[in-house]
């Protein structure tokens, strides 16, 4: 996988937003690569920069510094045609199916625009056939019932399928699913994810799955990778079974130990990793050194609060972690003296 | 739970909304008993009537809602039974908050943004006849400590100075201010991050042990219910379709819908899982299907399910279910569980 040319690659991407006179660094030094047909999950708490990363990937937001490469080529400074090609290949499914579809257009119209825009159909008959085909692909059957409906006539799950259909209609190579199922009910969630999985298997579309729900990430991306983000940085990345089964970074450990499980005996026996503080630091005032150090139970004074840890390989399986005590072989131990309750 | 006294008893409660399209049956014929110190979790999808039921219990329903049938009997500390639906405005005010409090979801919107947290607390206490500010302050600070907040700081701050998790904690403390016997939590951890959710759950568990209140916990997240509940009730289309002790519901579900929910919830501790969604979507509450309301989506459905609604029946001790095929569901669940536990063993070895 590493020898292959990545589909999209972020290199040392930074992004800040301005609020008044202050700069809020939302992303700092993100380096990620997505390979064709791969599933990459971005997980983390709200405000950690998952969505910003996804938007930068598909070109909806520009990076403040750093490089974004599509098939090895920078995405900026391309000609019009190439730009349109890049735009077409990278699609996004937004979180809220109630806000991401134009309420005054029918589903047929919504699905038709991108096809016409990218000149993927040459006449009306073809357009109609293509829309029919896509609706069948995302299990919105019979298509004839759906095309003339307006978004408000559909349920949340159906709308999200329309969103997926719209992303899919232009033959993309990557779909960024930004919390695409978090607003959908439990019973419908799994079938949506299955649809997405089938599409990936059939067309080899890479999926970047952004979620705050690690259990869902585990289910969806078992064969892929998970990147855990905290305050604008990737703190750990690796194959899903590795990250879920044996997390290395203290933050990942804390997350996994804190998640309740739909199994009363297991969940009540779970041992939570005690944190030194419950408060997430503000992005305006990110702690020096490792951003997690004020909360980390394994905090090593004089090490963690000095230097920003870089992502470094931990073992031969491609797992990388940004934690100085771990990567320099100091090991993790809870230091009672520093552990304030 | 069986031997303990009942604090809140709901009998045959039905609530409808009047809408332009007709009568919307949001809650139909719901009965349950809440015992002292018990935590009852209501699980189900959006639109299944969980929130309406709880607003009904507090009599906080909007004007277009109507309680058609049913009775809500509350037993106060002196053992006196109160018919909640018959209370007049004045005694209802007393009932709310000091007997039965509610912690709403979305802490962002539940606190008044223009007054200090302390004023909110004084106002609440004042409205319920506690005028000694010193005492109220002491009580509030003690509660803040219990929900692991920095008491002095939070007491004197505005809501916008607090994070989402802190606001949720303030709401919990505020709910407990008048020492109610029953607390209703409406999705208290839904909008929160994982680590914050964990600390709120821990706070709730400790508080429950310490103060011994009973609670009704609404959640669409099965994992949260598994964590906190003593009893779990599954709601579908306004009805309780299954209710029982938490372990029974999670390990031996007998209703096809409960089983479906379990099968749709990914678990972290298991390796690769095969999950299945439930086909279709919840029914339109204005035009409800005949028979069992779940039959259209149910893989177990037989002819009877389409015509005659099943009644809640005792399946084992404290476990009731409304399903004609409950034994098949039970078997199927056991089969699925044994598959998933072999997967777990395979992963561990």
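Laboratory data are not the source of any read-out in this text; all were calculated from the coordinates shown. If you're wondering where the values come from, they're calculated on a predicted model, not measured in any experiment. Reconstructed Cβ throughout: ideal geometry from the backbone, glycine too, with neighbour counts over all protein chains shown.
Each semi-axis of the equivalent ellipsoid for segment A:250-341 is √(5λ) with λ an eigenvalue of the Cα gyration tensor; in descending order they amount to 23, 18, 13 Å. Just checking the listed ones, B:318, B:47, B:238: in the Gaussian network model of chain B with Cα springs under 10 Å, the one fluctuating most is B:318.
For B:73, B:241, which order do you get if you count the other beta carbons within 10 Å of each Cβ and list the fewest first? Spell out each step's value before the answer.
On the way: B:73 16, B:241 25.
Going from least to most buried by this count: B:73, B:241.
Segment B:140-193 and segment B:248-313 have Cα centres spaced 36 Å apart. When each of B:236, A:113 is scored by the number of other beta-carbon atoms lying within 10 Å, the sequence from fewest to most is A:113, B:236.
Counting pairwise Cα distances across segment B:1-125, what percent come out greater than 22 angstrom?
44
Legend: mean number of C-beta atoms from other chains within 10 angstrom of residue C-beta atoms, peptide A:44-51, equals 2.
Relative contact order of chain B: 19 percent, from C-alpha pairs under 8 Å at least 6 residues apart in sequence. Inter-chain neighbour count for B:216-224: the average number of beta-carbon atoms from partner chains within 10 Å of each residue's beta-carbon is 3. Mean sequence separation of contacting Cα pairs (under 8 Å, at least six apart), scaled by the length of chain A, corresponds to a relative contact order of 18 percent.
Extent of the protein assembly as shown along its three principal axes (Cα atoms, max minus min coordinate, largest first): 79, 66, 54 Å.
The ranking of B:239, B:209, A:45 by Cβ neighbour count inside 10 Å, starting from the fewest, reads B:209, A:45, B:239.
Taking a ≥ b ≥ c as the square roots of the eigenvalues of the Cα gyration tensor, segment A:53-123 is oblate, since a/c reaches 1.5 or more and a/b is not larger than b/c. Is segment A:148-194 best put as rounded, prolate or oblate by its Cα gyration tensor, with a ≥ b ≥ c the root eigenvalues, rounded for a/c under 1.5, and otherwise prolate when a/b is larger than b/c, oblate when not? Oblate, since a/c reaches 1.5 and b/c is not below a/b. What the Kirkwood sum gives for segment A:34-90 is a hydrodynamic radius of 12.7 Å, with every pair of different alpha carbons counted.
Could you state, as a whole-number percent, how many of the C-alpha pairs of segment A:8-244 are farther apart than 23 Å? Present the calculation step by step, with values, prior to reporting the outcome.
On the way: 13770 of 27966 pairs.
Within segment A:8-244, distances greater than 23 Å cover 49 percent of Cα pairs.
Can you grab the distance from the C-alpha centre of segment A:59-136 to the C-alpha centre of segment A:16-44, Å, no decimals? The two parts, judged by their Cα centres, are 21 Å apart.
Where a ≥ b ≥ c are the square roots of the eigenvalues of the C-alpha gyration tensor, would you call segment A:75-213 rounded, which needs a/c under 1.5, or, failing that, prolate if a/b is larger than b/c, or oblate? Note, shape of segment A:75-213 comes out oblate.
When Rg and the Kirkwood radius Rh are both evaluated on Cα atoms of segment A:103-169, their ratio Rg/Rh stands at 0.93. Note on residue B:119 and residue B:296: the extension gain reaches 58.5 nm, defined as 0.36 nm multiplied by sequence separation minus the Cα-Cα distance.
All C-alpha to C-alpha distances of segment B:156-266, sorted into 10 Å bins beginning at zero, yield P(r) values of 12, 42, 31, 12, 2, 0 percent in whole numbers.
Each principal axis of the Cα cloud of segment A:160-239 was evaluated for its coordinate range; sorted largest first, these ranges are 34, 28, 22 Å. For the protein assembly as shown, the 222 nm mean residue ellipticity estimated from helices alone, with every DSSP H stretch of n ≥ 4 adding -39500 (n - 2.57) and the total spread over all residues, rounds to -10500 deg cm²/dmol. The modelled label-to-label distance between residue B:126 and residue A:117, using points 7 Å beyond Cα along the C-beta direction, is 5.5 nm. Over chain B, one equal point on each Cα, no solvent: what is log10 I(q)/I(0) by the Debye formula at q = 0.08, 0.14, 0.16 Å⁻¹? Rounded to two decimals, the profile gives -0.42, -1.20, -1.45. Of A:112, A:245, A:54, the residue with the greatest mean-square motion in the GNM of chain A, using alpha carbon springs below 10 Å, is A:245. Taking 0.36 nm per residue of sequence separation and removing the Cα-Cα distance, the residue B:335/residue B:83 pair yields an extension gain of 86.2 nm.
If you count, for every residue in A:210-219, the Cβ atoms of partner chains within 10 Å of its Cβ, what is the mean?
4
Convex hull of alpha carbon positions in segment B:255-348: directionally averaged projected area 7.2 nm².
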